[in-house]
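Student: Let me begin by handing over the structure; questions about it come next.
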Amino acid sequence: MQRTIDLVPGVRLWAEERGPADAPPLLLIMGASASGLAWPEEFVDALAERHHVIRYDHRDTGRSTWAFDERPYRITDLADDALAVLDAHGVGRAHVVGMSLGGMLAQLLMADHPDRVLSATLIGTRALSEAPLVHADGTRTPVADLPGPSPRMLDVLTERPAGDPGPEAALERAVELWRMLSGDELPFHAEEIRERERRVLAHAGRQDSSTAHARADSSGMLRTAALARNAVPTLVVDATADPLFPSLNAHHLAQVITAATLVEMPGMGHALPRECLRPLADAILAHTGEGRAAEA
């Protein structure tokens, strides 16, 4: 079932729910500039076997309002949007799964509103913490020295074609972006991604890609102390081939968040490939207490 959620006058979010209404609620939070349809249908269906799954479009994505230039917002406001989605569905507490920027928003919810979060799963993201990574031999790596995206990756993520690229050019650009984000260890199923991106573009009703999240104020996001005293059960997914937030970031994340557990997804990049969907869903279901492993 789909619905729209009015945040403030002139700003509306699109949301969809799937799975039994009486099952434990689970909120999916996607990354920057990506709509809720970026979550693969097979993955959403797998989680919906045991959860009431809610996904939504961030502002300036999909069918939600695109109005950053008229109504600029902070990245932290996007975490408040996630709470508004839960409120609109009458959900007091939910399991939260966040990817990339969505993983950062999930950390903000864990830190600022732990009473609303039953558990958190963080995928392809980095810690909102200034604490260094401490290695087994006692040496430390400052946060500033943790590996990040290559300059070429940053260029690809931020470049925008001049003028109207046309639907086919926009589609192919999206496919090539996902090819780069997927890393080079698992097969890249280009036609599968092309079909998904066709649905994403049709869902949005437009072919341009917003730069709003890249331009939004990202200050005030550090939660070092709150994450160090976190009590929300947290699963950190180590996507071993992630070219945007390489593996060491996941280890840092699991270290600075109290109550965190690390699970490895070999070969997974900064994307959700076919080969990882069921293992990832099973890991999340076990973490939320709704999977076969938890029952056993």
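The values are calculated or read from the model by the stated rules, or taken from the named source; none is laboratory data. Computed from a predicted model, the values in this text were never measured in an experiment. Reconstructed Cβ throughout: ideal geometry from the backbone, glycine too, with neighbour counts over all protein chains shown. Only protein heavy atoms, including side chains, enter the accessible area calculation; ligands, DNA and RNA are left aside. Shrake-Rupley method; radii C 1.70, N 1.55, O 1.52, S 1.80 Å.
Student: Give the residues of the stretch 174-202 that are open to solvent by less than 70 Å² (accessible area, probe 1.4 Å), touching a residue at least 24 places away in the same chain (Cβ under 8 Å) and of a type in the set (D, E, K, R), sorted by residue number.
Tutor: Across the stretch 174-202, the qualifying residues are ARG196, GLU197.
Student: For the stretch 29-40, indicate whether the set of residues that are open to solvent by less than 10 Å² (accessible area, probe 1.4 Å) and over 11 Å from the mean Cα position of the chain (by Cα) is non-empty.
Tutor: No, every residue in the stretch 29-40 fails to be open to solvent by less than 10 Å² (accessible area, probe 1.4 Å) and over 11 Å from the mean Cα position of the chain (by Cα).
Student: Could I ask something else about it? Take ILE5 and tell me if it is surrounded by fewer than 22 Cβ atoms within 10 Å (Cβ to Cβ), of a type in the set (Val, Ile, Thr) and in contact with a helix residue (DSSP H, G or I) (Cβ under 7 Å, 6 or more places away or on another chain).
Tutor: Judged against the criteria, ILE5 is a match.
Student: Is it true that ALA214 is among the aliphatic types (A, V, I, L, M), surrounded by fewer than 21 Cβ atoms within 10 Å (Cβ to Cβ) and either modelled with pLDDT under 95 or on the phi > 0 side of the Ramachandran plot (or both)?
Tutor: yes
This table checks each residue for (1) of a type in the set (D, E, K, R); (2) touching a His at 6+ places or on another chain (Cβ under 8 Å); (3) at pLDDT below 90.
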{"position": "LEU181", "(1), (2), (3)": "no, yes, no"}
{"position": "ALA190", "(1), (2), (3)": "no, no, no"}
{"position": "ARG194", "(1), (2), (3)": "yes, no, no"}
{"position": "ARG199", "(1), (2), (3)": "yes, no, no"}
{"position": "ARG229", "(1), (2), (3)": "yes, no, no"}
{"position": "VAL232", "(1), (2), (3)": "no, no, no"}
{"position": "ASP238", "(1), (2), (3)": "yes, yes, no"}
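Student: Select from the stretch 184-204 the residues that are in contact with a Lys or Arg (Cβ under 7 Å, 6 or more places away or on another chain) and assigned to a loop (DSSP other than H, G, I, E, B) and list them in ascending order.
Tutor: PHE188, HIS189
Student: Next up: From LEU244, LEU272, LEU277, LEU222, grab the single residue that is assigned to a loop (DSSP other than H, G, I, E, B), in contact with a Phe, Trp or Tyr (Cβ under 7 Å, 6 or more places away or on another chain) and either of a type in the set (A, V, I, L, M) or under 30 Å from ALA169 (Cβ atoms) (or both).
Tutor: It is LEU272.
Student: Kindly indicate the residue of the stretch 114-129 that is of a type in the set (A, V, I, L, M) and in a loop (DSSP other than H, G, I, E, B) and also farthest from MET268 (Cα to Cα) among those meeting that condition.
Tutor: LEU128
Student: In the stretch 100-133, which residue that is hydroxyl-bearing (Ser, Thr, Tyr) and under 9 Å from the mean Cα position of the chain (by Cα) is surrounded by the fewest Cβ atoms within 10 Å (Cβ to Cβ)?
Tutor: SER100
Student: Tell me, please, whether a residue that is in a strand (DSSP E or B), open to solvent by 10 Å² or more (accessible area, probe 1.4 Å) and either more than 21 Å from ALA34 (Cβ to Cβ) or of a type outside the set (A, V, I, L, M) (or both) can be found in the stretch 253-261.
Tutor: Yes: the stretch 253-261 contains one or more residues that are in a strand (DSSP E or B), open to solvent by 10 Å² or more (accessible area, probe 1.4 Å) and either more than 21 Å from ALA34 (Cβ to Cβ) or of a type outside the set (A, V, I, L, M) (or both).
Student: Quick check on my filter: what residues within the stretch 8-25 are open to solvent by 30 Å² or more (accessible area, probe 1.4 Å) and either of a type in the set (Phe, Trp, Tyr) or within 15 Å of ALA67 (Cα to Cα) (or both)?
Tutor: VAL8, PRO9, GLY10, ARG12
Student: Given the conditions (1) open to solvent by 30 Å² or more (accessible area, probe 1.4 Å); (2) within 29 Å of ARG274 (Cα to Cα), which single one is not true for TRP66?
Tutor: All conditions are met except number (2).
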